[in-house]
Amino acid sequence: MDFHYTVMTNKTIEDAISSIEQNLKAHKFGVLWQLDLTETLQKKGVDSYTSPYRILEVCNPTEAAQVLEHNSLAGYFLPCKITVYEEEGNTKIGLPRPTAMIGLVNDAELTSVAQKIEKLLISILEKSK
């Protein structure tokens, strides 16, 4: 299994992000923060990377609190990330699989929660493309 889940869309990056935000909200997730990586690199004097690349940090506060109460090491993987970027003229939406990340903690209960979150986030990506 890949560590990530990625889909392609015909939408622009902005339209894809808007769709993601709407679909996240329907499941009590929200975007905590959005990083325009390309712009940030350019502001730091790195002009060699010019492809649009956004990173959304997303969270369901109830789920996050339960996971952290169970094992504070889970915070190393929170919030979840969704990337929206352009590659070879295509817009892609992806995420690192929560099961791959939380698997590093080796905790069966957290793995179960990660599976539930992963399934939900994948459905959100599919609806957003």
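Just so you know, in the stretch 1-14 the residues that are farther than 12 Å from Arg54 by Cβ and charged (D, E, K, R) include one that is farthest from the chain's Cα centre (by Cα), and it is Lys11.
Surrounded by 15 or more Cβ atoms within 10 Å (Cβ to Cβ), touching a His at 6+ places or on another chain (Cβ under 9 Å) and either in a strand (DSSP E or B) or touching a residue at least 40 places away in the same chain (Cβ under 8 Å) (or both): does that describe Leu24?
No.
Residue count for the stretch 28-50, restricted to those that are touching a Leu at 6+ places or on another chain (Cβ under 6 Å) and either in contact (Cβ under 8 Å) with a residue 40 or more places away in the chain or not in a loop (DSSP other than H, G, I, E, B) (or both): 2.
Scanning the stretch 9-21 for residues that are more than 23 Å from Asn60 (Cβ to Cβ), touching a residue at least 24 places away in the same chain (Cβ under 8 Å) and in a helix (DSSP H, G or I) yields a total of 1. Please go through the stretch 51-80 and pick out each residue that is within 25 Å of Lys129 (Cβ to Cβ) and either among the β-branched types (Val, Ile, Thr) or in a strand (DSSP E or B) (or both). Residues satisfying the conditions are Tyr53, Arg54, Ile55, Leu56, Glu57, Val58, Cys59, Cys80. Restricting the stretch 51-74 to residues that are closer than 14 Å to Val105 by Cα and in contact (Cβ under 8 Å) with a residue 12 or more places away in the chain leaves a set whose member that is surrounded by the most Cβ atoms within 10 Å (Cβ to Cβ) is Val67.
So for the stretch 54-66 (the condition being under 16 Å from Thr9 (Cβ atoms), in contact with a Phe, Trp or Tyr (Cβ under 9 Å, 6 or more places away or on another chain) and at pLDDT 95 or above), does at least one residue qualify? Checked the stretch 54-66: at least one residue is under 16 Å from Thr9 (Cβ atoms), in contact with a Phe, Trp or Tyr (Cβ under 9 Å, 6 or more places away or on another chain) and at pLDDT 95 or above.
Kindly indicate which of Thr99, Thr83 is part of a strand (DSSP E or B), of a type in the set (S, T, N, Q) and surrounded by 14 or more Cβ atoms within 10 Å (Cβ to Cβ). Working first, answer last.
Values: Thr99 fails: part of a strand (DSSP E or B).
None of the other options fit; the residue is Thr83.
Taking the listed residues Gly45, Gly94, the one that is more than 24 Å from Ser128 (Cα to Cα), small (Gly, Ala, Ser) and modelled with pLDDT of 95 or more is Gly45, with no other qualifying.
The single residue among Ala100, Ala74, Ala108 that is modelled with pLDDT under 95 and within 30 Å of Glu14 (Cβ to Cβ) turns out to be Ala100.
Looking at this structure, is Glu126 at pLDDT 95 or above, part of a helix (DSSP H, G or I), surrounded by fewer than 17 Cβ atoms within 10 Å (Cβ to Cβ) and not hydrophobic (A, V, I, L, M, F, W, C)?
Working: at pLDDT 95 or above: yes; part of a helix (DSSP H, G or I): yes; surrounded by fewer than 17 Cβ atoms within 10 Å (Cβ to Cβ): yes; not hydrophobic (A, V, I, L, M, F, W, C): yes.
Answer is yes for this residue.
The values are calculated or read from the model by the stated rules, or taken from the named source; none is laboratory data. Please read these numbers as outputs of a predicted model, since none were measured by experiment. So basically every Cβ, Gly included, is an ideal-geometry build from the backbone, and we count neighbours across all protein chains shown.
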